[in-house]
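One structure is given below, encoded as structure tokens.
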């Protein structure tokens, strides 16, 4: 069985990491709309996010350094809806195919950037934004 067909809970750590497309959306500050329950994404990057690579600079220790970091591997079924519709983890959870631009299908790690899906060049560092101003930075992940 190809690991792309395995249930998420059966993936090895290496297979899990390969599923990440590198868009960086999970590294943006987000919050839940209290009225609708919708997850609202911003273009404000976590302090560990490298805007030039769309990767975490402290991935192995991210939870210790950023306690609110989303640990997707430990999501409940309800939490997968918090991820953008383009996210491979959400797509796999929902039984949907990956998009053609996903690096596993394209064979190119930069295809997520070429497709305009990633946060490459589209974010601001959290140190430049007051927490009260986060609503001013809301984005629609479908536009990325």
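Throughout, read-outs are computed from the coordinates displayed, never taken from laboratory work. As the structure is a prediction and not an experimental result, all values here were calculated from the model. Backbone-built Cβ (ideal geometry, glycine too); neighbour counts: all protein chains shown.
A few remarks follow.
- Pick from the stretch 108-137, criterion within 15 Å of the chain's Cα centre (by Cα) and not in a loop (DSSP other than H, G, I, E, B), ranking: surrounded by the fewest Cβ atoms within 10 Å (Cβ to Cβ): 113
- Number of positions in the stretch 71-92 that are crowded, with 18+ Cβ neighbours inside 10 Å and in contact (Cβ under 8 Å) with a residue 40 or more places away in the chain: 9
- Filter pass, residue 100 being in a loop (DSSP other than H, G, I, E, B), without any contact (Cβ under 8 Å) to a residue 12 or more places away in the chain, under 16 Å from residue 20 (Cβ atoms) and over 14 Å from the mean Cα position of the chain (by Cα): no
- Residue selected from the stretch 25-61 under the condition out of contact with any helix residue (DSSP H, G or I) (no Cβ under 8 Å at 6 or more places or on another chain) and in a helix (DSSP H, G or I), by the criterion surrounded by the fewest Cβ atoms within 10 Å (Cβ to Cβ): 60
- The criterion of being assigned to a loop (DSSP other than H, G, I, E, B) and surrounded by 12 or more Cβ atoms within 10 Å (Cβ to Cβ) does not hold for residue 105.
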